[in-house]
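The values are calculated or read from the model by the stated rules, or taken from the named source; none is laboratory data. If you're wondering where the values come from, they're calculated on a predicted model, not measured in any experiment. Cβ placement follows ideal geometry from the backbone for every residue including glycine, while neighbour counts extend to all protein chains displayed. Accessible surface is based on the protein model in full, side chains and every heavy atom, while ligands, DNA and RNA are left aside. Shrake-Rupley method; radii C 1.70, N 1.55, O 1.52, S 1.80 Å.
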Amino acid sequence: MSRTPPAVRFRDVGQRFQGADGRPVAALDGLSFEIGRHEFLAVLGPSGCGKSTLLRLIAGLIKPTAGQVEIFGRPVTEPRDEIGIVFQKPTLLPWFDVLGNVTFPMRHKHGRVTDAERARARELLALVGLADFAGRRPDELSGGMQQRVGIARALLHDPDILLMDEPFSALDALSRDEMSFELLRIWTERPKTVLFITHAIPEALLLADRVVVMSGRPGRVREILPVPLARPRSMATLSEPAFHDLARHIRGRLFSRPVAA
Ligand code: ADP
Ligand code: MG
């Protein structure tokens, strides 16, 4: 009997790039971790430690220079349909309305959008709180609303895995908290495996089941920390003593030098 493979598995993954001066740049080194099915995993690390690179590896947009990335037990060799991606900027097309933006990937892939896809897009817009905005243009929406459109678009093909690269970092603090709770609600209603990249400690703790704390470049796993805070999480979670203890612990890990082996 074989164990069900995890949604995502990194096996000793390394990534080098050719730097501008022609010398290799080590972005990631010896990365090993797993993301369980329907787990919410946050990846936290300083700028430039390879977080976006890690996401692009899972998405199949680049190939690792060492080790292997697997999705449901199969090596990633190319972009796959079971993945949805939300980037920091939602990059909406200004000449399409909100509905047109959510369905754009289908139009792009198949040259047309079916009635069923359009109906599903409307359902997802309702899920992200934009039921009344389907006919609006992106520039009529706030930053938070545009990010919601980006989330609906990523969910349209019902991916098993949702990759989010600092999706709320361009928002103001209040919208950011609001979007975090929205995301938790959506994740509860539509369970998904989520990889959420951030450099904000409170955001990681509020959202995740576990937090992968990375070192500076080359990015390595410094610690994988379970977040045993009760769900559903709310504003009250932010003032729990356990929340502060975890935040203090992570801060210590992020700003300490690696311990010599
Ligand atoms: P983060 O998202 O954590 O800020 P990135 O994954 O974007 O970090 O980048 C990690 C490191 O790899 C950086 O030093 C970056 O300059 C380098 N890097 C990323 N992509 C490329 C590339 N395509 N070519 C060369 N260097 C790259
Ligand atoms: Mg990045």
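Looking across segment 98-113, the residues that are surrounded by fewer than 13 Cβ atoms within 10 Å (Cβ to Cβ) and assigned to a helix (DSSP H, G or I) come down to HIS108, LYS109, HIS110. Taking residues in segment 241-254 that are under 15 Å from GLU203 (Cα atoms), and partners anywhere that are assigned to a helix (DSSP H, G or I) and of a type in the set (Gly, Ala, Ser), the pairs with Cβ atoms closer than 8 Å and at least 6 places apart or on different chains are ILE250/ALA204. For segment 172-216, the set of residues classified as in a strand (DSSP E or B) and open to solvent by 50 Å² or more (accessible area, probe 1.4 Å) consists of ARG210 only. The criterion of being over 30 Å from ALA121 (Cβ atoms), away from ligand 2 (no atom under 16 Å from the Cβ) and open to solvent by 20 Å² or more (accessible area, probe 1.4 Å) does not hold for GLY48. Only residues that are touching a residue at least 24 places away in the same chain (Cβ under 8 Å), more than 14 Å from ligand 1 (Cβ to nearest atom) and polar (S, T, N, Q) were counted across segment 59-90, and they come to 1. Pull up segment 56-83, narrow it to residues that are within 16 Å of ligand 2 (Cβ to nearest atom) and hydrophobic (A, V, I, L, M, F, W, C), then point me to the one that is most open to solvent (accessible area, probe 1.4 Å). For segment 56-83, the residue satisfying everything is LEU61.
Close Cβ contacts (under 6 Å, 6 or more residues apart or on different chains) running from residues in segment 7-29 that are in the same structural domain as SER52 (by TED's automatic domain parsing) and surrounded by 10 or more Cβ atoms within 10 Å (Cβ to Cβ) to residues that are of a type in the set (Val, Ile, Thr) and in a loop (DSSP other than H, G, I, E, B) comprise GLY14/THR65; GLN15/THR65; ARG16/THR65. Take LEU163 and decide whether it is more than 16 Å from ligand 2 (Cβ to nearest atom) and open to solvent by less than 40 Å² (accessible area, probe 1.4 Å). It is false that LEU163 is more than 16 Å from ligand 2 (Cβ to nearest atom) and open to solvent by less than 40 Å² (accessible area, probe 1.4 Å). Taking the conditions (1) out of contact with any helix residue (DSSP H, G or I) (no Cβ under 6 Å at 6 or more places or on another chain); (2) open to solvent by less than 40 Å² (accessible area, probe 1.4 Å); (3) within 16 Å of ligand 1 (Cβ to nearest atom); (4) of a type outside the set (Lys, Arg) in turn, ALA42 satisfies each one other than (1).
When THR53 is tested against the conditions (1) crowded, with 18+ Cβ neighbours inside 10 Å; (2) in contact with a Ser or Thr (Cβ under 9 Å, 6 or more places away or on another chain); (3) of a type in the set (S, T, N, Q), the lone failure is (2).
All of (1) exposed (fewer than 14 other Cβ atoms within 10 Å of the Cβ); (2) touching a Pro at 6+ places or on another chain (Cβ under 6 Å) hold for SER32 with one exception: (2).
For segment 227-249, filtered to residues that are closer than 15 Å to ARG210 by Cβ and of a type in the set (Lys, Arg), the residue that is most open to solvent (accessible area, probe 1.4 Å) is ARG231.
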